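Taking it in order: structure first as structure tokens, then the write-up.
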Amino acid sequence: MTTPEFAGNRDNFCYRHPDRQSFVLCQRCLRTICPECQTQAAVGVICPECMAEQRKSRTPAQKRAERRWGGRNTATATVRSGKPMVTYVLLAITSFIGLVQLIPGLGDAVTAQLLFAPRYLYPDLSLLPFEPWRLLTAVFAHGGFIHLALNMLALWMLGQNLEPMLGRARYLSLYLISGLGGSVAVALLDPFGATVGASGAIFGLMAALLIIGRHIGANVTGILVILGINFIIGFVIGGIAWQAHLGGAIVGALVAFILTRTRRREQRIAQILLLAAVVVALVLLVFVLAPFLITTVYS
């Protein structure tokens, strides 16, 4: 039952609609706002006046980004909640598997079931069982705590920028297709090796951020330097699958290019078909070209 003291306190009602009770505050001005007046932002909800003020204070680069990439009429509109939920799910799944891998006795068995080795794709050549799902499961396994921590830190940092920009489905597609590209590159360039790790997918995200940033007119020097340094490290430090880095980066850049050229809502079918074509091309490379290289070049 509402008391006179409660009803007399205007802080318990929306400042724009005095007849509507609410206990939600604008995160900027701290005034009470009802659901109709709430706009989702990265920090919570804000009122219409604060939203208008925020839009006025945007930099020229931010305005260009919204016009070219994040407009409401494009096929890659910003996720309204502002929360990179796919990134959080990927972090949770990969971290859980990585921690299980650290358990003595159990970890080695988990790694053996998830790692990618090209020989599992060609039973006629290796006498191993045919297990093509390893092309993707390797993305969720890692070779140690440092390996896991570095990749998850990169995923968290990149995902917070890319996922709200692309949308959840496109961001997940970018991540998985880039990871697939990294495994395919390993099959082509190191057919007798084995690998684990999300590095191919991470390099795909970095390359995508580079392509998208260049497309919207942002300064991409920093991400270009980071991408170059991390790629060089793969050659300097032993035990790193630079082939996965290369494949992930190339495929990630290609996927990002497709997304930047098919942003409009009416291009959605073309976007899906082009992404499907990339997957088909990767499958053909790994099942047609790789066996040919093994039998003619690497044998």
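The values are calculated or read from the model by the stated rules, or taken from the named source; none is laboratory data. Computed from a predicted structure; not experimentally measured. Please note: Cβ atoms are built from the backbone with ideal geometry, for glycine as well, and neighbour counts cover all protein chains shown. Accessible surface is based on the protein model in full, side chains and every heavy atom, while ligands, DNA and RNA are left aside. Shrake-Rupley method; radii C 1.70, N 1.55, O 1.52, S 1.80 Å.
Points to keep in mind about this one:
- Flag: Leu102 matches the condition of being closer than 30 Å to His142 by Cα, modelled with pLDDT of 80 or more and open to solvent by 80 Å² or more (accessible area, probe 1.4 Å).
- Qualifying residues in region 1-55 (those that are at pLDDT below 75 and in a loop (DSSP other than H, G, I, E, B)) - the one most open to solvent (accessible area, probe 1.4 Å): Met1
- For Gly204, the conditions (1) farther than 21 Å from Tyr120 by Cβ; (2) surrounded by fewer than 21 Cβ atoms within 10 Å (Cβ to Cβ) are fulfilled apart from (2).
- Restricting region 174-188 to residues that are under 9 Å from the mean Cα position of the chain (by Cα) and buried (at least 21 other Cβ atoms within 10 Å of the Cβ), the residue that is farthest from Ile272 (Cα to Cα) is Tyr175.
- Members of region 121-141 found to be assigned to a helix (DSSP H, G or I), open to solvent by 20 Å² or more (accessible area, probe 1.4 Å) and under 14 Å from Val283 (Cα atoms), listed by number: Leu136
- Qualifying position, being among the hydrophobic types (A, V, I, L, M, F, W, C) and open to solvent by 80 Å² or more (accessible area, probe 1.4 Å), among Leu259, Leu227, Leu246, Leu284: Leu284
- Residue among Ala154, Ala241, Ala149 that is farther than 24 Å from Ala112 by Cα and either hydrophobic (A, V, I, L, M, F, W, C) or open to solvent by less than 30 Å² (accessible area, probe 1.4 Å) (or both): Ala154
- The set of residues from region 123-141 being closer than 17 Å to Gly193 by Cβ and acidic (Asp, Glu) comprises just one member, Glu131.
- Candidates in region 262-276 are the residues that are open to solvent by less than 50 Å² (accessible area, probe 1.4 Å) and more than 20 Å from the chain's Cα centre (by Cα); of these, the one that is nearest to Phe235 (Cα to Cα) is Ala270.
- Helices (runs of 4 or more DSSP H) fully within region 191-299 counting 2 or more residues that are without any contact (Cβ under 8 Å) to a residue 12 or more places away in the chain and not small (Gly, Ala, Ser): 221-236, 242-261, 268-284
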